[in-house]
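What follows is a set of notes on a single structure, which appears directly below.
The values are calculated or read from the model by the stated rules, or taken from the named source; none is laboratory data. Model, not experiment: these values are computed from the prediction. Positions of Cβ are generated from backbone atoms using ideal geometry, with glycine treated the same way; all protein chains shown enter the neighbour counts. Only protein heavy atoms, including side chains, enter the accessible area calculation; ligands, DNA and RNA are left aside. Shrake-Rupley method; radii C 1.70, N 1.55, O 1.52, S 1.80 Å.
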Amino acid sequence: QVQLVESGGGLVQAGGSLRLSCAASVSIFSISTMGWYRQAPGKQRELVAAISSGGSTNYVDSVKGRFTISRDFAKNTLYLQMNSLKPEDTAVYYCNAKNSWSYWGQGTQVTVSS
């Protein structure tokens, strides 16, 4: 079983920055794909950013140029650097790890005020 613990959420003004962290209970080196998803009230959960085992990344169009996904193998931690935050980025952000299985973290709230 893989445990994922997110941190770094909070309240920030529009234009500000936050960095989310996702600490894994296992080595992330061999995890096929890790990603960040978000779910706003009344909306479906959506993929924000993902990174493959080979280091390829992809982003939803709405965050391109503002968000950066990265990882630290030594710390078994996934990150999401979020810059130029907008009120529409407000959501609960979830970390996901996927091989033949899929595990989710508990989520961290990000609130961007206008």
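One table, with the values for the structure above:
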{"read-out": "Gain on full stretching of the segment that runs from SER25 to ARG66 - 0.36 nm per residue minus C-alpha separation", "value": "11.9 nm"}
{"read-out": "Modelled label reach - GLU88, point 7 Å along Cα→Cβ, region 19-52 residues with backbone N closer than 17 Å", "value": "38-49"}
{"read-out": "Accessible area per residue in Å² at 1.4 Å probe, computed on the chain", "value": "52 Å²"}
{"read-out": "Spin-label pair ALA74/LEU47, simplified geometry with 7 Å Cα→Cβ offset, distance in nm", "value": "3.0 nm"}
{"read-out": "Accessible area of the chain belonging to carbon and sulfur atoms, whole % at 1.4 Å probe", "value": "47 percent"}
{"read-out": "Neighbour net charge for SER30 - beta-carbon separation under 14 angstrom, K R +1, D E -1", "value": "+2"}
{"read-out": "Rounded Å value of the spacing that divides the Cα centres of region 39-98 and region 10-32", "value": "8 Å"}
{"read-out": "Net charge, ALA91 excluded, C-beta distance under 11 Å - Lys, Arg +1, Asp, Glu -1", "value": "0"}
{"read-out": "All aspartates and glutamates inside 16 Å of LYS64 as judged from Cα atoms, apart from same-chain residues fewer than 8 positions distant", "value": "GLU46, GLU88, ASP89"}
